[in-house]
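The values are calculated or read from the model by the stated rules, or taken from the named source; none is laboratory data. The shown structure was predicted, so the numbers you read here are calculated from the model rather than taken from an experiment. Counting neighbours? That spans all protein chains shown, and the Cβs are built from the backbone with ideal geometry, glycine included.
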Amino acid sequence: MDDQPTVFEIFTPATPANLTFIEREEINTSLVNALRTPGKQLVVYGHSGSGKSTIINKKLLQLYEDHVVSRCMQGMSFEQLILDAFDQLAPFYTSETTSKKSTTKTALLEATYAGIKSQLGGNATVEAGDKSNRALPPQLTLQNLAKLMGQAKCCWILEDFHKINEEDRTKLSQAMKVFVDMAGEYPALKIVAIGAVDSARQVVKYDQEMRTRVAEIHVPLMDIHSLQDIIIKGCELMNLRFESSLTTTISHYAAGLPSICHTLCLNICLDLGLELPSETLLPLSKNALQPAIKMYLNEASDTLKLAFEHNLKQVKVKKYNNPELIIKALSELPQEGGTRADVFKRIVKDEKDYPQGNLTKYLRQMYNSEYTPLIRFSEDSGKYAFVDPLYRAFAIALYERSHAHARPEKSIDWNDAIAEFVKTFTTERLTRSIQVRIPLKGNKL
């Protein structure tokens, strides 16, 4: 049974899902059409953990011979991304070229690749300490990169492009224009920029003339029944049978994020020592969720601390501690959050004269935070909600701890507060906090 998949291949919170992939018809058609249209560039956006990379990866495997993935990080320049893409083209112009029938055009591109490679080899500049950077050689223009990628029949995937500095996002617009112009010669040539943000314009800012040449694909949060399908598919592969209450609770707690759904299912299996499918059908009740939740809380405790510390930090003493009021209001709303009007209505219950302008300003600051975001905004629903259901559960516990006053304690020891939260958190409390109402889809389990 060596060909059995492991639990790490079935439940994949940090990598694209293959074995438990769920088709999403609401975005499938527009995505496939954009990938098949010569010259059409793509911007794919949506909340972190919503499944952007999974669906892109699946469709690229169906439609493309190959693709190059550049993973963006804070501080990277667009020139570094060009170098990264060039480096990944090496197999197409070295080991594979010997088996290809050479044409004049291919030979010229191979010579171009070899020339740029030799320039890069002798073009390292040493800076302070032992750090060395490669300068971009004059030959490695966007036009030449497009030709090399076009000949290799690759498309270029830019993961997490929202992390790139704003001035470099304009350079991506220029690159997209070059790729559009060369699509007549290389129909498969394409850039797909992926960003964990709320709008395509937060990923890349392009000229008005590019508007009809760029497809903006929004990957929304997953609906409850699709999340349940992930669990059902994974359970079938692991030879498990979850009680309907367990499946329903996990799918609601995930709050539209397949990454959380995968995490909890993986933790359940690891707690049971199951790395391979069970030899016999193994039924599991809701009690199996408690240790999985504890594992999740322990892994996320540092991020939880940073998110609350960063967002509740008040530089100057003012009449209102706006972030605290917003967090408290959101903790009192349902898990899916609420509109700006809903949040305001909750705040004025305690602060009668609270100005609406404050709410607008601080909501925007909090959901646009690049480093430790605490809340998110959905353009589809117009609602604000916590980035992770864990944050809402902790906010509820935080305000319970301070006896439901308008403000929590003046000085909070976050390590103690989080440790107490992890210790006292129970499955029953989780069920109450997420207000489970929707029944399990069908009778598949």
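Of note:
- Residue satisfying condition, being aliphatic (A, V, I, L, M) and either at pLDDT below 70 or closer than 20 Å to K305 by Cβ (or both), within set V348, V387: V387
- Yes/no for A254 being within 17 Å of P13 (Cβ to Cβ) and outside the structural domain of Q335 (by TED's automatic domain parsing): no
- Among the residues of region 350-400, those that are in contact with a Ser or Thr (Cβ under 9 Å, 6 or more places away or on another chain) and assigned to a loop (DSSP other than H, G, I, E, B) comprise T372, P373, E379, S381, G382, V387, D388.
- Of all the numbered requirements in (1) at pLDDT 90 or above; (2) more than 18 Å from the chain's Cα centre (by Cα), L42 misses one, and that requirement is (2).
- Here I224 does not qualify as over 19 Å from the mean Cα position of the chain (by Cα) and over 29 Å from V69 (Cβ atoms).
- Every residue from region 218-244 that is surrounded by fewer than 21 Cβ atoms within 10 Å (Cβ to Cβ), in contact (Cβ under 8 Å) with a residue 60 or more places away in the chain and either closer than 30 Å to I191 by Cβ or small (G, A, S) (or both): H218, P220, S226, S244
- Lone unmet requirement of (1) of a type outside the set (D, E); (2) at pLDDT 90 or above; (3) more than 33 Å from the chain's Cα centre (by Cα) for L158: (3)
- Any hit, region 303-322, residues being assigned to a helix (DSSP H, G or I), among the hydrophobic types (A, V, I, L, M, F, W, C) and surrounded by fewer than 16 Cβ atoms within 10 Å (Cβ to Cβ): yes
- Of all residues making up region 20-41, the number that are surrounded by 14 or more Cβ atoms within 10 Å (Cβ to Cβ), of a type outside the set (S, T, N, Q) and either outside the structural domain of L63 (by TED's automatic domain parsing) or part of a loop (DSSP other than H, G, I, E, B) (or both): 5
- V343 vs. criteria under 20 Å from A307 (Cβ atoms), at pLDDT 90 or above and not in a loop (DSSP other than H, G, I, E, B): yes
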